[in-house]
1. What is the residue count in the range 47-92 for residues that are farther than 20 Å from V115 by Cα and of a type in the set (S, T, Y)?
2. What's the total number of residues in the range 158-181 that are of a type in the set (K, R) and farther than 30 Å from V77 by Cβ?
3. Tell me the residue from T63, T80 that is of a type in the set (S, T, N, Q), at negative phi, buried (at least 21 other Cβ atoms within 10 Å of the Cβ) and out of contact with any helix residue (DSSP H, G or I) (no Cβ under 9 Å at 6 or more places or on another chain), please.
4. Here are the criteria: (1) over 18 Å from H57 (Cα atoms); (2) acidic (D, E); (3) surrounded by fewer than 20 Cβ atoms within 10 Å (Cβ to Cβ). Tell me which single one D89 does not satisfy.
Amino acid sequence: MVGGRGAAVALGVLALMGSSLMWSPAGQAHTGGHRGVILCQGPSDSTYDPPLTFESHSTRVHTDARYTCTIEPGRTVAATGSLDGVSPDASCDGLGNPRITEVVKYDDGAESLIVYDQGTTARALGFADVMLSGRVAKGRGEGQSARRTVFFAPPKQLPTECLSTGLRGNSGEAQLEVPKP
């Protein structure tokens, strides 16, 4: 049973995790003298091989995302993202030292190749907030930094899966941001 202080801490963590998901409405990512960001949002489905357990181990990660992207003020396009890579220190507690690439294919024919080399995970009450950061290596946004945040609700599999056969995958809501110069 969680006491008053524990509940307050858990709610505070959830509030911080939720604040990372406060996205600009489509067409409002452009502000003042800044030229805006490429801002993509949508569902994200990940699989892990081998499955995640509480013991850290190397895991291949594959993710498919379906985005709606604001690529400039007032211009929105659909896009798909395909992420593949390895997290050498992965567990049910998070992805450590990820080396993951994402290919984003926009419906207007453009593409972006993003290389992520840093990652953090915040977890509270079964919810997880995973943030990957890196750079756009090629295509739309080339040379710019990139940040991908995914908010995962508690997994569909029972939490006990982390203790036995392992967590094979997870689904969440993703946001991809690429600042424009």
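The values are calculated or read from the model by the stated rules, or taken from the named source; none is laboratory data. Bear in mind that the values here come from a model prediction, so they are computed numbers and not experimental data. For neighbour counting, all protein chains shown are included, and Cβ atoms are generated from backbone atoms with ideal geometry for every residue, glycine included.
1. The qualifying residues number 6.
2. Looking only at that region, the number is 1.
3. Selected residue: T63, the only one of T63, T80 that is of a type in the set (S, T, N, Q), at negative phi, buried (at least 21 other Cβ atoms within 10 Å of the Cβ) and out of contact with any helix residue (DSSP H, G or I) (no Cβ under 9 Å at 6 or more places or on another chain).
4. For D89, the exception is condition (1).
For (1) at pLDDT 60 or above; (2) touching a Phe, Trp or Tyr at 6+ places or on another chain (Cβ under 7 Å); (3) farther than 28 Å from T160 by Cβ; (4) part of a loop (DSSP other than H, G, I, E, B), each residue gets a yes or a no:
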residue: L14; (1), (2), (3), (4): no, yes, no, no
residue: S24; (1), (2), (3), (4): no, no, yes, yes
residue: Q28; (1), (2), (3), (4): no, no, yes, yes
residue: T31; (1), (2), (3), (4): no, no, yes, yes
residue: P43; (1), (2), (3), (4): yes, no, no, no
residue: S46; (1), (2), (3), (4): yes, no, no, no
residue: T59; (1), (2), (3), (4): yes, yes, no, no
residue: T63; (1), (2), (3), (4): yes, no, no, no
